[in-house]
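Computed from the coordinates by the stated procedures, all read-outs in this text should not be read as laboratory data. From a predicted model like this one, the values you see are computed outputs, not experimental measurements. Using ideal geometry, Cβ is built from the backbone for each residue, glycine included, and neighbour counts are taken over all protein chains shown.
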Amino acid sequence: MTAVIRTRGLVKRYGRLRAVDGIDLDVRAGDVYGFLGANGSGKTTTVRMLLGLVLPTAGEVELLGGRMPRAGRRVLPRVGALVEGPAHHGHLSGRANLGLIDAAGPGGSRRTRRARIDEVLEQVGLGGIDRRPVRAYSLGMRQRLGLAAALLRRPELLVLDEPTNGLDPQGIHEIRDLLLELNRGGTTVFLSSHLLAEVEQLCTRVGVLDRGRLVLQDELARLTAPTGATVVDTPAADRVRAVLDGRVLGVEGSRVVVRGTDPAEVNALLVGAGVPVTGLALQRPTLEEVVLAAAGTSADRVEAVR
Ligand code: ATP
């Protein structure tokens, strides 16, 4: 797999604070990488270092195979970025703002540029955009415009810092679908978030930052792989114990955790013995549980709201 983002021993110190404390990120072509961490854990500082906006105190950043910040001029045109508080010209319309960015980009006729601007505005849900100046936009609209700007040059890599910031649930849903669609089209996506549920629903690979340290980095599917147990939902938990003596690992209300990775087999045993079963599933840890185990006490600061 090609490395799209690679950092080694990346450190950023502010005085005595190690905001980013020696992290080794590995983002591969085709990933939707979720960079998860509580507020203040160092996500934005990392994203800024990836893009060459902040210089590391120590360590290395490689972006699309080029060493940053030196390779910036060569690789950044292939990267679409949205960093906290996207900067726009407040007195201009959204379309005019995109026009300015595009003007700095490579060639194309005025008509194709305008068509591309319309296309990205449509993609981010600002299709019906009017002449209102950007300063009159809501936070969510600004965020969408920032994303439109990031998409303009059809980047092969998107680096997005908290892309759903300020969006309502419907907006979050739309942006999630858009990012998945872009990823299906071959775009690698790296996004930071403090929302576990967002990362769990969107990402293929997860990195967890805890007070500047990368405490976890792996495929989501591997992190939440079956544990080797089956969860039985039943109004008769006590009878499960009698039938499956020795295999019951725990009982919590109407949920019984049973050793074994074949729900059909468990079902057959229970139904055969006349025990009512209302649900059966392989047990998997949630991302929340995995993060809690890796980040310890501070995981409660990563919001688990759904
Ligand atoms: P948030 O989601 O709140 O933006 P974050 O995970 O992005 O949080 P950072 O913004 O990277 O975190 O900040 C990490 C730490 O570094 C914080 O303690 C912050 O106060 C500190 N920090 C960031 N930028 C600076 C700076 N320019 N000078 C001093 N300290 C800074």
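The order of the peptides 36-44, 223-231 by mean Cβ neighbours within 10 Å, most packed first, is 36-44, 223-231. Positive-end ranking of LEU98, VAL275, GLN143 along the dipole of the chain, with charges on Cβ about the Cα centre, is headed by LEU98.
Taking every C-alpha pair closer than 8 Å and separated by at least 6 residues, the mean separation divided by the residue count of the chain gives a relative contact order of 20 percent.
Would you compute, from DSSP H runs of 4+ residues alone, the mean residue ellipticity of the chain at 222 nm, taking -39500 (n - 2.57) per run and dividing by the full residue count, rounded to the nearest 500?
-9500 deg cm²/dmol
Taking only the alpha carbons of the range 171-231, we obtain Rg and Dmax values of 13.5, 37 Å in that order.
Under Stokes-Einstein, with the Kirkwood radius over Cα pairs as Rh, the value for the range 119-214 at 4 °C and 1.567 mPa s is 91 µm²/s. Throw me the Rg/Rh for the range 186-292, computed over C-alpha atoms with Kirkwood Rh, two decimals. Computed over Cα atoms, the ratio is 1.13. Counting only DSSP beta bridges with both residues in the chain, the antiparallel share comes to about 65 percent.
Rounded to the nearest 20, the size of the Cβ-charge dipole of the range 29-105 about its Cα centre is 200 debye, with Lys and Arg at +1 and Asp and Glu at -1.
Eigenvalues of the Cα gyration tensor times 5, then square-rooted: what semi-axes does that give for the chain, in whole angstrom, largest first? Show your work: numbers first, answer last.
Working: eigenvalues 379, 111, 57 Å².
Equivalent ellipsoid semi-axes, largest first: 44, 24, 17 Å.
Expressed in Å, the radius of gyration and Dmax of the Cα atoms of the range 229-282 are 9.2, 23.
For the range 1-144, the alpha carbon positions stretch 46, 30, 24 Å along the principal axes, listed from largest to smallest.
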